[in-house]
1. As a test, work out the antiparallel percent of DSSP beta bridges whose residues both lie in chain A, rounded to the nearest 5.
2. Along the charge dipole of the range B:1-63, pointing to its positive end and built from +1/-1 on Cβ of Lys, Arg, Asp and Glu, which listed residue (B:Asn22, B:Ile7, B:Ser46) has its Cα farthest out?
3. Using the Karplus equation 6.51 cos²θ - 1.76 cosθ + 1.60 (θ = phi - 60°), what ³J(HN,Hα) coupling, rounded to whole Hz, does each residue of the range B:13-21 give in order, writing x for Gly and Pro?
4. Given H placed on each backbone N at 1.01 Å, which residues far from B:Lys104 in sequence or on other chains put an amide H within less than 5 Å of it?
5. Taking the Cα centre of the protein assembly as shown as origin and charging only Cβ (+1 Lys, Arg; -1 Asp, Glu), how large is the dipole, in debye to the nearest 20?
6. Say the cut-off is 20 Å between C-alpha atoms; which of B:Lys42/B:Lys107; A:Lys15/B:Lys99; A:Lys11/B:Lys42; A:Lys17/B:Lys99 go over it?
7. Work out from phi, with θ = phi - 60° and the Karplus expression 6.51 cos²θ - 1.76 cosθ + 1.60, the ³J(HN,Hα) of each residue of the range A:7-18, listed in order in whole Hz, and give x for Gly and Pro.
8. Treating only the Cβ atoms of Lys and Arg (+1) and Asp and Glu (-1) as charged, compute the dipole magnitude of the range B:1-61 about its Cα centre; round to the nearest 20 debye.
Amino acid sequence: GAGVSQSPSNKVTEKGKDVELRCDPISGHTALYWYRQSLGQGLEFLIYFQGNSAPDKSGLPSDRFSAERTGGSVSTLTIQRTQQEDSAVYLCASSPSGVGTEAFFGQGTRLTVV
Amino acid sequence: KQEVTQIPAALSVPEGENLVLNCSFTDSAIYNLQWFRQDPGKGLTSLLLIQSSQREQTSGRLNASLDKSSGRSTLYIAASQPGDSATYLCAVTQGGSEKLVFGKGTKLTVNP
């Protein structure tokens, strides 16, 4: 596609439910990143994929968070047993090959846990 | 641990003014530095990417400089326009890491 696509754009869920957030990177980009932006906070790194592998998942805040990438393309971020503090905008980015190459971001998914 | 700071946090200027946004980082061992803009409720739009070996990059009315040894970058916007109103973020890619470390941004308002 022309850009990084994320879905849904908005998600409201009840506390304790599981949610899945989807990211379609730019075609041919091997590197994919997930970030979280909480109200009034900066962007927080969550996880990095190179192809289908995740060499850096150091930013995942707890074991309720997981992510996978299949076919070197689409990625899904899953949050289990959501908590109110998970409310944030989740941003996905891709780049042609990782370090040294320009990162392009999607529009984000705004997650609200009620 | 790399820390990125952007000053000022907010800036309001009249249309037509030239302005400078500042970004500083604590660890000079970076691969590159990238400037983004973020419009309210939107994702990030990449503006300029400067590799660690470069001193500056230009795109239209935007010019970004990098002084790696002193841990500083500036984004210069010439002849500002109301459409430039947005939050501007800088981010560095740390040596030995793939992740971007972001500053908290400068919220720019250009008044007609």
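1. Counting only bridges with both partners in chain A, antiparallel ones make up about 90 percent.
2. My answer, from the dipole projection, is B:Ser46.
3. For the range B:13-21, the Karplus-derived couplings read 9, x, 4, x, 6, 8, 9, 10, 10 Hz, x marking Gly and Pro.
4. Result for B:Lys104 returns B:Gln6.
5. Working: 20 positive and 20 negative charges, 38 e Å.
I would put it at about 180 debye.
6. Pairs exceeding the cut-off: A:Lys15/B:Lys99; A:Lys17/B:Lys99.
7. So the Karplus estimates, Gly and Pro as x, are 8, x, 7, 9, 9, 10, 9, 7, 3, x, 7, 8 Hz.
8. Numbers: 5 positive and 6 negative charges, 30 e Å.
Approximately 140 debye in magnitude.
Only the coordinates and a few stated rules stand behind these numbers; no lab work does. All of these numbers come straight from a predicted model, not from anything done at the bench. Note that we place each Cβ from the backbone using ideal geometry, even for glycine, and neighbour counts take in every protein chain shown.
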